[in-house]
Amino acid sequence: MGNADLRQLAAIEDVPFEDLEGRVVAVDAHNWLYKYLTTTVKWTRDGVYTTSEGEEVANLVGIVQGLPKFFEHDLVPIFVWDGAVTELKADEIEERRAAREKREEQLEAAKEAGDRVEVARLDSQTQRLTETIHETSRELLDALDVPQVEAAAEGEAQCAWMAAEDDDVDYAGSDDYDCLLFGAPRTLRQLTSKGDPELMDLAATLDEHGLTREQLVDVAILCGTDFNEGVSGFGPKTALKAVREHGDLHAVLDAEGREMANADRIRDLFLDPPVTEEYDVDLDLDPDLDAAREYVLDEWEVDAGEVERGFARIEESLVQTGLDRWT
């Protein structure tokens, strides 16, 4: 589910990083990077991540500051990038674009008014994963030897599939609740936050509510997802009650005298999403810190003061006892 409504139903608990040592997580790259990108832009002077040519690469600051959390806890990340946009998601993307354009207009007005607080807030909300951000993120991750996978479509669907079907992958990693609907057995959330992450458990969620995964998807569709607006009057609890009572989405719609376009297509997108099995990742990582530093500091002119601590943390993690994967 694209919004947070599903949190009311999901089985979620904190998990100590110590319990994750030696594990592998397929990370929803867009979800992870966007959070660091917006945080960096909001709280960091723009001169830190703007080149002499005027290109903004706040993503490089975010990556260097965010990756140590994985390295220090021997949690191996595989970054999974979104592929083709799903046709049914086009309306959602258009709504986001319109909202961003409105915030961009507000941003220009705040700049003209000299409102620095409002400028910082709106600037962080108008960030986009531009071609430059995509390319530089991939190249920096390559230098740090972090494996990457190109998804067939939705990145979180690919992460969920990998967590369910790839014996080498233990978790999906995303703050998007869609991972439950896409069938990720276990999802790590809050990987960009301070402190320990959260563990979202699919089996525990289904057991708690007496649902099948198909029924959980039906509950989400009734509430609304990235692919549909949902049915008026249905929130998580009312949708749960209705699906329990009637059995599935179509039975609920029939009982309510409602119709839903593309209901079966939306269902199939969650239950059988397009994914790729054609990827090859090496989990024995060997980061080239000299190349990474040169790329960030020299090629893209990022202020050393914003990234040196991150690089130092990565370097320190490489010599810690027991981190065999990083040597």
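Report, by residue number, each residue of region 286-319 that is under 15 Å from Thr50 (Cβ atoms), of a type in the set (Asp, Glu) and within 26 Å of the chain's Cα centre (by Cα).
Quick first cut of region 286-319, residues under 15 Å from Thr50 (Cβ atoms) only: 296-297, 299-307.
Add one more test, that the residue is of a type in the set (Asp, Glu), and what stays is 299, 301, 303, 306.
Glu306 - this is the single residue of region 286-319 that is under 15 Å from Thr50 (Cβ atoms), of a type in the set (Asp, Glu) and within 26 Å of the chain's Cα centre (by Cα).
Can you tell me which residues in region 214-272 are more than 20 Å from Ala157 (Cα to Cα) and of a type in the set (Phe, Trp, Tyr)?
Matches in region 214-272: Phe234 only.
Is one or more of the residues making up region 304-311 under 26 Å from Glu156 (Cβ atoms), in a helix (DSSP H, G or I) and of a type outside the set (S, T, N, Q)? Write out each step before concluding.
Start the filter on region 304-311 by keeping residues that are under 26 Å from Glu156 (Cβ atoms), which leaves 310.
Applying the additional criterion that residues be in a helix (DSSP H, G or I) yields 310.
Filter once more, keeping what is of a type outside the set (S, T, N, Q): 310.
The answer is yes; a qualifying residue exists.
Does any residue in region 272-293 that is loosely packed, with under 11 Cβ neighbours inside 10 Å come within less than 7 Å, Cβ to Cβ, of a residue that is at pLDDT 95 or above six or more places away or on a different chain, and which pairs are these?
Asp282/Pro147
Kindly provide the set of residues from region 186-242 that are polar (S, T, N, Q), in a loop (DSSP other than H, G, I, E, B) and either modelled with pLDDT under 95 or at positive phi (or both), ordered by number. Can you show your working first?
Taking region 186-242 as the starting set, the residues that turn out to be polar (S, T, N, Q) are 187, 190, 192-193, 205, 212, 215, 225, 228, 232, 238.
Then keep just the ones that are in a loop (DSSP other than H, G, I, E, B); that gives 190, 192-193, 212, 232.
The answer is Gln190, Thr192, Ser193, Ser232.
Does Glu198 satisfy being acidic (Asp, Glu) and closer than 17 Å to Pro273 by Cα? Talk me through it step by step, then tell me what you get.
Numbers: acidic (Asp, Glu): yes; closer than 17 Å to Pro273 by Cα: no.
The answer is no for Glu198.
Please specify each residue of region 1-46 satisfying the condition of being under 19 Å from Glu156 (Cα atoms) and of a type in the set (Asp, Glu).
Residues satisfying the conditions are Asp5, Asp28.
The values are calculated or read from the model by the stated rules, or taken from the named source; none is laboratory data. On a predicted model such as this, the values are computed, not experimentally measured, just so you know. Note that each Cβ is placed from the backbone with ideal geometry, even for glycine, and that neighbours are counted across all protein chains shown.
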